[in-house]
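Student: Structure in structure tokens, see below.
Any read-out appearing in this document is the output of simple, stated calculations on the displayed coordinates, not a laboratory observation. The structure presented is a predicted model; accordingly, all values stated were derived computationally and were not measured. FYI the Cβ positions are ideal-geometry reconstructions off the backbone, even for glycines, and counts take in every protein chain you see.
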Amino acid sequence: MSLVLEQVSKIVGAETHLRDVSLTLERGSLNVLLGATLAGKTTLMRLMAGLDVPSSGRVIADGRDVTGLPVRRRNVAMVYQQFINYPSLSVYENIASPLRVAGLPRAEIESRVREAAALLRLEPYLDRKPLQLSGGQQQRTAIARALVKRANLVLLDEPLANLDYKLREELREELPRIFAASGAVFVYATTEPSEALLLGGNTATLHQGRVTQFGPTPEVYRRPRDVVTAQVFSDPPLNTLRAVKQGGALALGTGGEARALGAFAGVPDGSYLVGFRAHHLELDPPSGEAIVLPSTVTVSEITGSESYVHLACGGHAFVALVPGVRRLEPGTTVDASIDPRRLFLFDESGALASGDLAQAA
Amino acid sequence: MRGRTLVMILYLTFLMVPIYWLVNMSLKTNQEITTGLTLWPHRITFENYRTIFTDPSWYGGYINSLTYVAINTVISVGLALPAAYAFSRYRFLGDKHLFFWLLSNRMAPPAVFALPFFNLYSAVGLFDTPWAVALAHCLFNVPLAVWILEGFMSGVPREIDETAAIDGYSFPRFFVRIFMPLIASGIGVAAFFCFMFSWVELLLARTLTSVNAKPIAATMTRTVSASGMDWGLLAAAGVLTIVPGALVIWFVRNYIAKGFALGRV
């Protein structure tokens with residue numbers, strides 16, 4: 001099916017949880033909702049599912065207005081961040097539960113449950129109670145229950161957030177594949193930009209109850225419409241700095257100066273907000289044209305194969321993500337540099353003014 | 001170590017003496033009870049128990065008491081389940097005040113309500129029926145059951161309700177099939193407290209009955225015959241009155257312990 005949200009808002013008391021969200025989710029598509037906690041991801045999913053009714057706007061499934069239709073009468077499946085199963089039923093009965101309610105024949109239930117259990121590697125645990133399983137197995141039970149139902153709309157609300165690292169990697173790869181065959185609209189909420197990129201599909205970035213951009217994931221990542229979208233879709237956080245272009249010269253907010261090249265080449269004179277991602281800020285001497293930011297190291301964190309180096313430069317704080325182990329003592333001075341082609345420029349209103357999609361990524 | 005054991009034995013003896021004395025008396029003849037102090041029955045007799053189990057005015061009392069206690073427990077828990085669910089899951093106008101008011105009902109002594117109940121039930125023809133006592137006891141037991149169950153229900157994540165709705169469960173089916181098993185110990189605890197309060201309550205039970213639905217506790221307090229007090233018989237009745245409560249406590253003891261840990265008890 002396809003799911004269309006038209007100008008949907010959700011207001012609870014004096015608080016606006018969602019404002020004027022319009023989205024079109026195509027049949028068989030994978031859609032990622034990306035945003036920080038409290039950005040409105042869960043609220044949006046609950047409206048899509050029919051667990052809540054929007055304060056205004058319409059929800060249309062396959063051309064039919066389902067705005068007020070309760071969740072019982074829709075064909076949706078949902079998996080929560082917390083592992084939600086029926087504690088009093090066995091794993092088998094948990095997975096079978098939506099089929100039993102639907103009144104399917106016993107043989108059909110049996111085969112579908114076995115199939116889902118095999119796919120999620122739950123076969124040895126079918127006779128156990130959910131609370132006797134590990135967290136990962138519990139969540140896989142919940143996913144299996146969502147899967148057997150063959151719902152038109154599958155909502156996964158940060159399903160992997162509470163799982164350990166290895167299992168996340170595994171399930172993240174498997175989930176889109178498992179659900180892809182069903183033709184359902186697949187919605188996946190996450191707080192992590194890297195997860196959105198790994199899943200692919202389409203991404204809607206949410207910030208304070210608004211969808212700031214919706215489009216194919218790589219495109220949203222490479223060409224964010226505005227500074228908020230770029231910030232939501234950056235981890236570590238987007239580095240920002242003000243710069244004023246005057247002819248061929250740039251006056252940087254950190255006090256330095258540079259030549260207006262790369263992203264600055266095609267824009268009129270004026271003041272811009274410059275954004276650049278942490279992995280584009282380099283600590284080695286630049287090979288070509290570069291904007292140099294003389295900085296002092298404040299902290300360096302080493303995560304094994306990469307290092308996060310926190311820098312202070314003219315009253316600004318930047319983060320550089322550099323490959324390899326770089327053990328820099330706090331207080332060390334370095335000339336950090338950035339290729340001007342890799343910059344995003346945002347105008348006064350925050351909208352993207354320039355930024356080459358291939359290069360800036 | 002020996003000191004501790006000694007203190008424990010003394011304490012238990014202290015607790016057990018009245019019960020022992022009751023059992024002791026119930027196995028004696030009236031003559032033995034009244035003529036002197038004997039620490040154990042010198043001539044054991046089961047005559048007192050035989051009287052109770054054969055005389056309808058005695059065993060009828062037990063049947064009456066158990067009848068209204070059972071009715072009351074079923075009504076209280078049956079009403080409290082949906083009420084507690086509403087308090088636990090929905091926000092509605094005045095919900096907090098209503099919840100508190102329900103609780104404060106428990107704080108008034110039963111005597112306050114004896115007169116209005118007596119008058120009301122006489123008027124509608126409920127007087128001297130087990131229903132009169134069962135309904136009157138609901139005044140205390142429904143709020144108590146709501147309060148206990150609300151605690152247990154709030155311990156169940158709301159997402160389970162939603163998952164059931166997503167799976168297509170109708171509300172009644174979800175409630176019985178999914179939800180009630182999750183709060184089974186809460187239901188056990190609530191039922192136990194309803195049973196206990198209804199079983200030991202005397203004032204309303206006595207006021208609202210005369211002959212046909214007379215509870216055992218009332219029978220016991222009224223047994224003074226022309227020949228004086230029938231001590232042995234009363235003691236036997238007392239022993240038998242302890243038994244149902246002790247049985248119920250034995251069956252729900254694990255739930256109660258769980259209730260202390262999880263819920264509201």
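Student: For helix A:135-148, report the angle its Cα long axis makes with the longest principal axis of the Cα atoms of chain A; keep it between 0 and 90° and round to the nearest 10°.
Tutor: The angle comes out at about 70 degrees.
Student: From the phi angles alone, apply the Karplus equation (6.51, -1.76, 1.60; θ = phi - 60°) to the range A:175-180 and give each ³J(HN,Hα) in whole Hz, x where the residue is Gly or Pro.
Tutor: For the range A:175-180, the Karplus curve yields 3, x, 5, 4, 8, 4 Hz.
Student: Is there a quick way to get the dipole size of the protein assembly as shown? I mean about its Cα centre, with the Cβ of Lys and Arg at +1 and of Asp and Glu at -1; what is the value in debye to the nearest 20?
Tutor: Taking the Cα centre of the protein assembly as shown as origin, the dipole is about 1960 debye.
Student: FRET efficiency for A:Q208 and A:S22, Cβ-Cβ distance as r, R0 = 22 Å, nearest 0.05?
Tutor: With R0 = 22 Å, the Cβ-Cβ based efficiency is 0.85.
Student: Can you list residues whose amide H is under 5 Å from A:S354's amide H, if they're 5+ apart or on another chain and H is modeled 1.01 Å from N?
Tutor: A:L345
Student: Between A:E306 and residues 5 or more places away or on another chain, which pairs have amide H atoms under 5 Å apart, with H built 1.01 Å from N, and which residues are they?
Tutor: The list, which skips near neighbours in sequence, is A:G324.
Student: Further question: Distance between the C-alpha centers of the range B:228-252 and the range A:184-199? Whole Å please.
Tutor: The two parts, judged by their Cα centres, are 67 Å apart.
Student: May I pose another question? For chain A, just run the numbers: alpha carbon Rg, then divide by 2.2 N^0.38 Å, N being how many residues it has.
Tutor: Against the empirical 2.2 N^0.38 Å value, I get 1.16 for chain A.
Student: Could you tell me which residue out of A:L163, A:G248, A:M45 lies farthest along the dipole of chain A toward its positive end? Charges go on the beta carbon: Lys and Arg +1, Asp and Glu -1, centred on the Cα centre.
Tutor: The listed residue farthest towards the positive side: A:M45.
Student: Report the relative contact order of the range A:3-232, percent, no decimals, based on alpha-carbon pairs under 8 angstrom and at least 6 residues apart.
Tutor: It comes to 29 percent, rounded to a whole number.
Student: Now for a separate question. Could you calculate the contour length gain from B:Y20 to B:R43, that is, 0.36 nm times the residue separation minus the distance between their Cα atoms, to one decimal place in nm?
Tutor: Contour length minus the Cα-Cα distance gives 6.6 nm.
Student: Sticking with this one: Enter the Cα centre distance for the pair the range B:88-150 and the range A:299-343, rounded to the nearest angstrom.
Tutor: If we compute the Cα centre of each part, the gap is 70 Å.
Student: Would you kindly derive the ³J(HN,Hα) couplings of the range B:153-170 from the backbone phi angles with the Karplus curve 6.51 cos²θ - 1.76 cosθ + 1.60 (θ = phi - 60°), listing them in order in whole Hz, with x for Gly and Pro?
Tutor: Working through the residues one at a time gives 5, 5, x, 8, x, 4, 4, 5, 4, 5, 4, 5, 5, 4, 5, x, 4, 6 Hz.
Student: Right, something else. Return the distance in nm (one decimal) between the two label points of a simple spin-label model at A:L167 and A:I11, each offset 7 Å from Cα along Cα→Cβ.
Tutor: Rounded to a tenth, the inter-label distance reads 4.2 nm.
Student: Please compute the contact order of chain B in relative form: average sequence separation of alpha-carbon pairs under 8 Å and at least six residues apart, divided by the residue count, as a percent.
Tutor: That works out to 32 percent.
Student: How many percent of the alpha carbon pairs in the range A:1-110 exceed a separation of 17 Å?
Tutor: Summing the P(r) tail past 17 Å for the range A:1-110 gives 62 percent.
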